[in-house]
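The values are calculated or read from the model by the stated rules, or taken from the named source; none is laboratory data. Please read these numbers as outputs of a predicted model, since none were measured by experiment. Cβ placement follows ideal geometry from the backbone for every residue including glycine, while neighbour counts extend to all protein chains displayed. What goes into the accessible areas is simple: the full protein's heavy atoms, side chains included, and nothing from ligands, DNA or RNA. Shrake-Rupley method; radii C 1.70, N 1.55, O 1.52, S 1.80 Å.
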Number of protein chains: 2
Amino acid sequence: MPMHVGGLQLFEKPEGAGPDYIREMYESMRGTDEVAPLFLKHPHRSVKTGAQLVWRPDEQFDMEHHVRHSALPAPGRYRELFELCSRLHSTRLAWERPLWEAHVIEGLADGKVAMYTKIHHALVDGVSAMRLMQSVLSTDAEERGMLAPWALHSRPQRKPVDPAASSLPEVPVAALRTALGVASEAAGMPGALVRTLSKGVRNQTSAVSFYAPRTIFNQSISGARRFAADDWPIERLKAIAKASGTTINDVVLAMCAGAMRTYLLELGALPDDPMVAMVPVGLNAKQSQVASAEGGNAIGSVMVQLATDLGDPAERLDRIHLSMRDGKEALSSMTQTQILAMSALGQAPAILAPLLRMQGIVRPPYNLIISNVPGPRTTHYWNGAKLTGTYPLSIPINGMALNITCTSYDGQMGFGLTGCRRTVPHLQRLLTHLDDEVANLEKAVGVG
Amino acid sequence: MPMHVGGLQLFEKPEGAGPDYIREMYESMRGTDEVAPLFLKHPHRSVKTGAQLVWRPDEQFDMEHHVRHSALPAPGRYRELFELCSRLHSTRLAWERPLWEAHVIEGLADGKVAMYTKIHHALVDGVSAMRLMQSVLSTDAEERGMLAPWALHSRPQRKPVDPAASSLPEVPVAALRTALGVASEAAGMPGALVRTLSKGVRNQTSAVSFYAPRTIFNQSISGARRFAADDWPIERLKAIAKASGTTINDVVLAMCAGAMRTYLLELGALPDDPMVAMVPVGLNAKQSQVASAEGGNAIGSVMVQLATDLGDPAERLDRIHLSMRDGKEALSSMTQTQILAMSALGQAPAILAPLLRMQGIVRPPYNLIISNVPGPRTTHYWNGAKLTGTYPLSIPINGMALNITCTSYDGQMGFGLTGCRRTVPHLQRLLTHLDDEVANLEKAVGVG
């Protein structure tokens, strides 16, 4: 199963760009002299370390293997771009090399340059990966001589978008083993966590309770992916939130809930019970410390009921708002073990699912993961090329065939939908449904 | 390690082809109504059959996953095409689907259409794969309504280029297990074969003797590939053969030998001893029966000394001619077990290498495989598109980092070079060296 996160970025060529602009951009990225250590190391199974995986620098680093130049077939619509990204996101990274790739893509009919990057989950999580890509951008359209994201910055680096981006932690070996699927299924998962989780799944009244219906998303998946993406003005989302007394994040969840309701109704596959999304949320300082000490990300999770059983968009938004509030309250009252258990559930469901099954728990703990990661609010450039949109590609896993990741940038909210090619048919329809849902919500709360 | 064979075909658009010709060609191929059973089945590990792999039809066959539309970045040289083919040839086929892919590629500066196909070795060997692709072509430039290679032919099929192409045998489970690397290393290799081989490797005077020097090609390889291809007029090769009293196949081997000598000299890596190529040759009826009964291909192998220690092209050609003659004589005097052992050596070196090592044999039995597969002699078409060239992509394996496969078509000899991306640097240089070597040979035998 591919275990990498990806990102799609769209750039507008600077004024006066020649016909070879994209090739030159590719060659400049490929021509990076010194590569940062994170992008040079690869996993290696050493005899000395008792056949455990360790990081080792790639002695025969081959830049051309990692940075590639691709093109879209005519007519170069976004449909062709998503199809190429789906394909690139479906192939596994080779272990004998550093676990990343970047593709500079030409051939979009609107003249934009696309860049798709992928990086293994063992190196950075999705949020850090996006921030890493953004950390090399500038707000200055005139700046030139800018380096690629994988270049070693010899001069003092500009203040990154987020402090986390510049100090990517070494991943503990246990996390690596898990992410690469090397260990046995139960490896590295302490019994206390499993018991806590299992109690939560059984007991609806506990703080970590969840009770999700079965859906078509919650089945075994294949290795191939489908990807689609689009964005909507944050101003529209903000107006809906304001009129309904909710948050932008609630509106994002309501858009997803409404779109999925329509999508599943069309397929005749809408469950009677409301669907449940796992939504990563930032932890406060004390909670962060707990999670980080165990090698997890400093992110907790809330189980949000998506109210997909309700037909009215305003009611749905309201219910989501309440469920989110309850979830956050529950999170703040959790014990350290409970927070870890919730975090583990999002990080390693492929490992947890069999464990839960062994204990007779057969319902999915949640139906899908919806993340919303804040990004830069102002326009950014790479050597004069204006970044016009940025969309995350995430990791569907067994039992969770659809993943929605949103990120804000320059007044737009970008949605990246990554699904299993086989389990989630016609993924692009969800884009239409998302668009309809913004209008539905506007109408329902009276701002349309 | 990827275990698939590939083919690159180049087509010239028919006169009057519109701007959407390639898309329409792709759509027509993708639109195949009924797919032949060979292209519908995938390997499945069944509980019922004791966890053995069996073939099973793909109930959710998804044509778009198998037939794809790709494009080359500008300037659309053959360099960009080879780079794309290298990439496509490096990715593994997904087991949960039928084990093949076809890519219709646009963007060549000369306006040609390229088609790259890949198919798992467990379904067909390289020779059969190429013949399968050719079997749907027509010698009639005006014929239309022709089907894709993977279509089920409901009407009586035209006489295939080779009878083998129409009746692809079911692959025995043992062969499948081997090809998919599922079995333990020693699986399915009878002790008698191993002993025969091991005796041959030790004993230079035996009929199956071989004694190859170590070269840069004979080391562990990575999963990534480099591919390059070109062709030369058979008339030129024939003239060299005629003037020197050798065969066209000898000239092909001498071209490879001379090109590799130059390539390795440039790298300062030419071994003192002459390199040895394993060259598959057709077996006579009696020999074929032996090989086929055991599930192998009806192909024997000759170990040819490539005389890479000699500086003079004419002397090298002469020595190769003699070595080939000796090898064929040795083949005809071999016992059935010896033929099988030779055949196994070519089919499954990844399995054999550890076995030989266990017995203290550390030298490579040969340095590379050079195959020469005859193809059609006349011009062929697909729905009016003229096939202008056809080049095989083969499977480099651990310890054999370079593979040269040649195929003749319409008066040209096409060379397909497939190498490990990491172990064989600057693979494209071999094309220049091959070209120089034709001229060198012409001069040396006095026909230039």
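FRET efficiency for the pair A:Gln60 and B:Arg56, taken as 1/(1 + (r/R0)^6) with r the Cβ-Cβ distance and R0 = 51 Å, rounds to 0.80. Ordered by residue, what ³J(HN,Hα) values in Hz, to whole numbers, does region A:27-42 give under the Karplus form 6.51 cos²θ - 1.76 cosθ + 1.60, where θ = phi - 60° and Gly and Pro are x? Coupling constants for region A:27-42: 5, 5, 5, 5, x, 3, 6, 10, 9, 5, x, 4, 8, 10, 9, 9 Hz.
Could you tell me the calculated FRET efficiency between B:Arg325 and B:His426, based on Cβ-Cβ distance and R0 = 30 angstrom, to the nearest 0.05?
Numbers: r = 34 Å, r/R0 = 1.12.
Step by step, r from the Cβ atoms, then E = 0.35.
In this view, the solvent-accessible surface of A:Met324, computed with a 1.4 Å probe and all protein chains in place, comes to about 10 Å². Averaged over the residues of peptide B:244-250, the number of Cβ atoms from other protein chains lying within 10 Å of each residue's Cβ is 0.
Amide H contacts under 5 Å for B:Ala71: A:Ala71, B:Glu106, restricted to partners 5 or more places along the chain or on a different chain, H placed in the peptide plane at 1.01 Å from N. Peptide B:63-70 is shielded by partner chain Cβ atoms: per residue, an average of 4 of them sit within 10 Å of its Cβ. Annotation: for a label point projected 7 angstrom from Cα along Cα→Cβ of B:Val447, residues of region B:364-394 with backbone N closer than 20 Å are B:372-375, B:377-378.
Shielding of B:71-78 by partners, i.e. mean partner chain Cβ atoms within 10 Å per residue?
5
Label point of B:Asp435 set 7 angstrom out along Cα-Cβ; within region B:67-92, amide nitrogens under 12 Å from it belong to B:78-79. Would you mind classifying region B:76-145 by shape? Square roots of the alpha carbon gyration tensor eigenvalues, ordered a ≥ b ≥ c; an a/c under 1.5 is rounded, otherwise it is prolate if a/b is larger than b/c and oblate if not. Cα axes put region B:76-145 in the oblate bin.
Amide H to amide H distances under 5 Å link A:Ser371 with A:Ile404, A:Thr405, A:Cys406, where only residues 5 or more positions off or on other chains count and H is placed in the peptide plane.
Across the copies of the chain, B:Arg144 has label points (7 Å from Cα along Cα→Cβ) spaced 5.3 nm apart, shortest distance listed first.
Which of the peptides B:264-272, A:235-243 is most tightly packed, and how do the rest follow, going by the mean number of other Cβ atoms within 10 Å of each residue?
Taking the mean over residues of other Cβ atoms within 10 Å, the ranking is A:235-243, B:264-272.
Label zone of B:Arg30 (point 7 Å out along Cα→Cβ, amide N under 15 Å): in region A:72-105 this covers A:72-88.
The loop-placed GluC sites (Glu not before Pro) in region A:59-90, going by DSSP, that have at most 10 neighbouring Cβ atoms within 10 Å of their Cβ come out as A:Glu59.
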